[in-house]
1. Could you give the length gained by full extension between Tyr89 and Ala47, i.e. 0.36 nm per residue of separation minus their alpha carbon distance, to one decimal place?
2. Can you compute 3J(HN,Hα) from phi for each residue in segment 31-42, using the Karplus curve 6.51 cos²θ - 1.76 cosθ + 1.60 with θ = phi - 60°, rounded to whole Hz and x for Gly and Pro?
3. Given points 7 Å out from each Cα along the Cα-Cβ axis, report the Phe81 to Leu21 separation in nanometres with one decimal.
Amino acid sequence: WDDADFSRGVGTTFYQEFSTLNTAKPPFVRDVEVKVRRYLRSSYSAAWTLKITWEKAPVHTARTDTRKTITYQAVLTTDGFRSYILMLYQDGGMQWDYTRLTSTNVLIGYT
């Protein structure tokens, strides 16, 4: 989640927390559960989920070009024993030109 530059007032970051232990689950959390079950072929019931959205985030450094932006999300979820993350990118994937970054050892995802 590095190399986004919001210093020029372009783009925003926001989050929403869903604590669903012993409560009714909103449609977003049910959708996350379906994705985890489908990808991992296992049962899963979320107790807590966090959705972080970077909307129209400009690439670092924004002082050179604020026109190239990307919207992406990270969804962290746990049942209290297992934890997962979903990385979601707008259609077309990450559009930043990583060859113009100061560091070129760039990863999309997590390790």
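1. Numbers: separation 42, 0.36 × 42 = 15.12 nm, distance 2.42 nm.
Roughly 12.7 nm would be gained on extension.
2. 5, 4, 4, 4, 5, 4, 4, 5, 5, 9, 6, 8
3. According to this spin-label approximation, the distance is 1.5 nm.
Every number here is computed from the coordinates shown, using simple stated rules; none is lab data. In this text the structure is predicted, and so the values were computed from the model without any measurement. A quick note on method: Cβ atoms are made from the backbone with ideal geometry, for glycine too, and the neighbour counts reach across all protein chains shown.
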